[in-house]
Each structure stands twice: as structure tokens, then as C-alpha cells.
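Peer 1: What follows is a structure written as C-alpha cells; I'll ask about it next.
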Amino acid sequence: MKLPAFIELLKPITWFPPMWAFACGAISSGQDFSANWQIVLLGIILTGPLVCASSQAVNDWFDRHVDALNEPNRPIPSGRIPGRWGLYLGIIWSLLSLVVSSFLGTWGFYATLLALIFSWAYSMPPIRLKQNGWYGNLACSISYEGLAWITGAALLSASFTPSKSSLLFAGMYSVGAHGIMTLNDFKAIEGDKKMGVRSLPVQLGADMAAKLACLIMLVPQVVVCIYLYAVDQLWSSVAIAVLIVFQMGLMKYFIDQPIDRALFYSGFGVPLFVSGMMVAAFGIRHLGA
């Protein structure tokens, strides 16, 4: 087993969403980053290179038969990570995540434990939540966005209790991320059908799944936009409204040919979604101020 295969197994490109969500939660707490930089740094490392990376290793191990059809060049089906080392690495990285999380206190440890439970339940038989796109994608979106956001907000809060606004936004962006997770399923429709994975594109068809994914991404953002306007955070509300308008234009392009353009939307539409998360986090911060 060589280092490039190991790094590919942990999929660094997937680390960004939970790291970003943790940072958004930390910003929404209203606390001074310079006085809490150790917590912020450790939390970002924990959510990305540790917890998210371990979930990728676990998923690749239990998906090795599906990947042999959809992505045969992945490290495990290609043999670049031999034997049962994919499973061993998932276990080792999960345990390492728990050890590191213990330095963030009780909240950090239990939040990490819950995220790891979600990640194993998502991939591992007989639970294997990913067999159904409805609750499989929800498990991912809660872990990647909501749980990471709430953890960042809680760890920096003096009372270890996020504000109601922060909890609302964590919930909204968790729902929205469900649609983002669906984008990943368009590339694997044929393989998923053969292996009995009931992703939303498999269940609903590509066209309907694309429309539903866009709706799921849009509605929570509209709720956040309206809420910020209602609490007099006008500029934050306007900024999110502008991001929504741009997303709607890209969504129309995506819906016309969802299988061919899902990757395009992931590359250009999703960054607008996550930019809105940061705008919302600063809106909450200013609200507290």
C-alpha cells in the first residue's frame, strides 16, 4: 500500500463541507477567535482530516463491490489498498478521531461519537442507510453540516449552548445539504440499480430527482433569508437572496440534463450554497453584537 492510495482513500476533497460548517458555527457563537484559536484549529482538524476522512474509508470499504462497477480505479477495487486494509484504516481513523475529540471536552467527544455512528451506519450492513437515498442522504447532511455547525457554536459558547438562531440555521443547512448529497448519486445510477442501492435518481428517475434536489437546496436558504430580514440583518439577507438568484440560474441549466451536468452544478452551484452559510453565520454574529 502506497501513500497516494491512502490519501485517495481518505478523499481530502470531501473534508471541506464539515470543516466549513464547523467554522460557520464557531463564527455564529460571537466569540473571539484569537482567544479560542486552539479549539477552532483542533475542531477543523477533527471534522475534516479525521472524522470525515474516516467516514470515507469506511464507505469505500463497504462500497468496494459497487465501486468495482462504477469506479473500478478506486484504491480498494483496483487492489492498490490490498486485503482488508481498507477496513482496518477505517477503524484506526475512527478510533484516532475519538482520541483527539477527547481534548475538546464532553461535548466534543459525544458529538464526534455521534458523527462516527452516523458514518458507520450509513455504509455498514445490515443497517446501511445509503441503501435508501431519503434517509441515507439525511444522515450525511446532518453529520456534515448540522452537527459540525452546532459543535463549533457550542464549543466556543461560554454556556456550551448555541443560540436559537444558530440551531435554526444548522437545521436549515442540514436539510439543504440533503439535496447536495443527491448530486453525487447521478454518476452512479446504473451501478446503483445493479447493486440494489435505492438512491433518489434510481427511485424517482433522473429528471424528478434533479428537480427535488434543487427544491430541497432552495427552500432552507429562503427560510434563512427571510429570518435574517425579520431580525433586521438586511445586508446578510440581501446577500443570501443574491446567491439564491444565481443558484436558480445554474439549477435550470442542471435540470435540463441532470446526469451530464450534476458534476458541473456541484462545482459551481454548491459553492454559492456554502457561501450563504458563512454569510448567515456572520449575520447571527452581528445579531448577537
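Peer 1: Out of region 17-36, which residues are of a type outside the set (Gly, Ala, Ser) and touching a residue at least 60 places away in the same chain (Cβ under 8 Å)?
Peer 2: Within region 17-36, PRO17, PRO18, MET19, TRP20, PHE22, CYS24, ILE27, GLN31, ASN36 qualify.
Yes/no matrix, rows are residues, columns are (1) without any contact (Cβ under 8 Å) to a residue 40 or more places away in the chain; (2) assigned to a helix (DSSP H, G or I); (3) in contact with a helix residue (DSSP H, G or I) (Cβ under 8 Å, 6 or more places away or on another chain):
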{"site": "SER102", "(1), (2), (3)": "yes, yes, yes"}
{"site": "THR106", "(1), (2), (3)": "yes, yes, no"}
{"site": "TYR110", "(1), (2), (3)": "yes, yes, no"}
{"site": "SER119", "(1), (2), (3)": "no, yes, yes"}
{"site": "PRO126", "(1), (2), (3)": "yes, no, no"}
{"site": "ASN137", "(1), (2), (3)": "no, yes, yes"}
{"site": "MET172", "(1), (2), (3)": "no, yes, yes"}
{"site": "ALA188", "(1), (2), (3)": "no, yes, yes"}
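Peer 1: Taking the options LEU116, LEU95, LEU87, name whichever one is surrounded by fewer than 21 Cβ atoms within 10 Å (Cβ to Cβ), over 15 Å from LEU155 (Cβ atoms), within 21 Å of the chain's Cα centre (by Cα) and at pLDDT 90 or above.
Peer 2: LEU95
Peer 1: Taking the options SER163, SER199, name whichever one is at pLDDT 90 or above and in contact with a helix residue (DSSP H, G or I) (Cβ under 8 Å, 6 or more places away or on another chain).
Peer 2: Result of the check over SER163, SER199: SER199.
Peer 1: Then there is this: When the residues of region 1-15 are narrowed to those that are in contact with a Pro (Cβ under 8 Å, 6 or more places away or on another chain) and in a loop (DSSP other than H, G, I, E, B), which ends up surrounded by the fewest Cβ atoms within 10 Å (Cβ to Cβ)?
Peer 2: MET1
The values are calculated or read from the model by the stated rules, or taken from the named source; none is laboratory data. Quick caveat, the model's predicted, so the values are computed rather than measured. All Cβ positions, even for glycine, are placed from backbone atoms using ideal geometry, and neighbour counts span all protein chains on display.
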